[in-house]
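Notes for the one structure printed next.
FYI, it's all coordinate maths here, none of it is from the lab. Just so you know, these numbers come straight off a predicted model, no measurement behind them. Virtual Cβ from ideal backbone geometry, glycine too; neighbours counted across all protein chains shown.
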Amino acid sequence: MTQPTEHTDTGPAGGFLAEVKDAVTLRAAVLVLGVLALQLAFVTSYIGAFHHPKPSEIPIAVAAPAQPLAARTAERLGALPGKPLDPRAVADEATALAQIRNREVDGALIIDPARPNDRLLVASGAGASLSQALEQIVGAAEKSQGRGVVVVDVAPADRGDSRGLSSFYLVVGWCVGGYLCAAVLAVSAGARPANVHRAVIRLGTLLLYSIAAGLLGTLIAGPVLGALPGPITALWGLGTLVVFAVGALTLALQGLAGVVGIGLAILLVVVLGNPSAGGAYPYPLLPPFWRAIGPALPPGAGTFAARSIAYFRGNGAAGPMLVLSAWAVAGSAVTLVCAAVRRGRPGAAVGSGLPDEATPTEWPAA
């Protein structure tokens, strides 16, 4: 057993280095290095995702009075350098509009050979940057053919929803509440629950918090600030699920890794999840890595579902809701299993400086 450092009236014996060793434990030093790594990952992830948005295979429908004309136009748009569009010919304008409202495509080009201008249908409720990218790309392509475009926004963002970002910030707030609630439970009673009963209590507390956070967040974004339209009950349900999913994930990671689990949750939800959520730049504008992981993480699933509820009558929200449900169920299950495996051993409270596996008889006397 390591002998305690001898102290004098002016500090530990052995000089300044001994005082540093006494003040900063190995555990604290490792945690500080972990925070540094997390900070660098944050900078890398956000700048990597946002520094150079580039359209890639934006799904767009093409309709024309004659199907061969629609097919030729779709083929021409699909051959643009860099493949910014993923066009598909559809039967008519009604089909194209239905696909936009069902969130199967992000826009539609409606060709009218009898007029000098075609119509471009966009949906700024899915993200203003995405609709603007479509305007620029399709406008340039049509101009090269001697034609113009008239832009029609068929699912516009609400007046109080600047650039369609309110849904993203609402979901970010819900995510922050989820992992902070789980972290507070760790601070107050140990990173790992002592037994299954304690784990159930934590999950129950998290659920009650999630219900309250989902409702209050919805009321603030909707009736109070007028920033996001959509049915209150649907957004409330989504908020409850987002908060609980993130909180359960955090509890599970704490059960697996102790206090380090909070950092792992921040890595998944904040460092990787927020820039890939499709908020400022929807998925087709993100680099491949962030575009691939975004739909599978809670911020991305929550943002897509919130926009679907607010502007598309819930169309397209089923998949993201299943993703959030999977995180909630998996997080709860792992939390319970970790508590059962511990067999009643108490976890150390965050900030105690003690290893999670320490028992009361191993704690130093006050």
Computed on Cα atoms, Rg of the chain relative to 2.2 N^0.38 Å comes out at 1.25
Largest fluctuation, ALA61, ALA128, ALA114 only, Gaussian network model of the chain with Cα springs under 10 angstrom, belongs to ALA114
Per the rule of 0.36 nm per residue minus the C-alpha distance, extending VAL260 to GLN136 adds in nm 40.1 nm
If GLU93, GLU104 are placed from fewest to most neighbouring beta carbons inside 10 Å, the sequence is GLU104, GLU93
Magnitude of the Cβ-charge dipole (Lys and Arg +1, Asp and Glu -1) of the chain about the Cα centre, nearest 20 debye, reported as 540 debye
For ILE60, the residues 5 or more places away or on another chain with a placed amide H closer than 5 Å to its own amide H are ASP86, ARG88, ASP106
Semi-axes a, b, c in Å (a largest) for segment 58-153, each sqrt of 5 times a Cα gyration tensor eigenvalue, come to 17, 15, 13
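Based on other C-beta atoms within 10 Å, arrange ILE309, ILE262 from fewest to most.
Numbers: ILE309 24, ILE262 21.
Sorted ascending by nearby Cβ count, the order is ILE262, ILE309.
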In debye to the nearest 20, the charge dipole size for segment 162-362, taken about the Cα centre with +1 at each Lys and Arg Cβ and -1 at each Asp and Glu Cβ, equals 240 debye
Within the chain, excluding any trypsin sites (Lys or Arg not before Pro) found in a DSSP loop (not H, G, I, E or B) and having at most 12 other Cβ atoms within 10 Å, the longest uninterrupted segment runs 160-342
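Could you pull out every whole DSSP H run in the chain that spans at least 18 Å of Cα extent along its own axis and averages 1.6 or higher on the Kyte-Doolittle scale? Let's see the in-between values first.
Numbers: long enough: 26-50 (36 Å, 1.88); 128-143 (22 Å, 0.23); 166-189 (35 Å, 1.68); 196-219 (34 Å, 1.35); 232-257 (37 Å, 1.82); 298-311 (19 Å, 0.23); 318-342 (36 Å, 1.57).
Result, helices passing both filters: 26-50, 166-189, 232-257.
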Length-normalised contact order of segment 162-362, Cα under 8 Å, at least 6 apart, in percent, tallies to 31 percent
With 0.36 nm assigned to each residue of separation and the Cα-Cα distance removed, THR25 to TYR46 gains 4.4 nm
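Between PHE289 and PHE16, what's the calculated FRET efficiency when r is the beta-carbon distance and R0 is 45 Å? Round to 0.05. Could you put the intermediate results ahead of the total?
Values: r = 45 Å, r/R0 = 1.00.
Step by step, r from the Cβ atoms, then E = 0.50.
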D (µm²/s, integer) via Stokes-Einstein for segment 162-362, Kirkwood Rh across alpha-carbon pairs, 25 °C, 0.890 mPa s: value 144 µm²/s
1/(1 + (r/R0)^6) with r = Cβ-Cβ of THR205 and SER162, R0 = 22 Å, i.e. FRET efficiency to nearest 0.05, evaluates to 0.05
One would report the antiparallel percent of DSSP beta bridges in the chain, rounded to the nearest 5, as 30 percent
Going from the fewest other Cβ atoms within 10 Å to the most, one would list ASP106, ASP92 as ASP92, ASP106
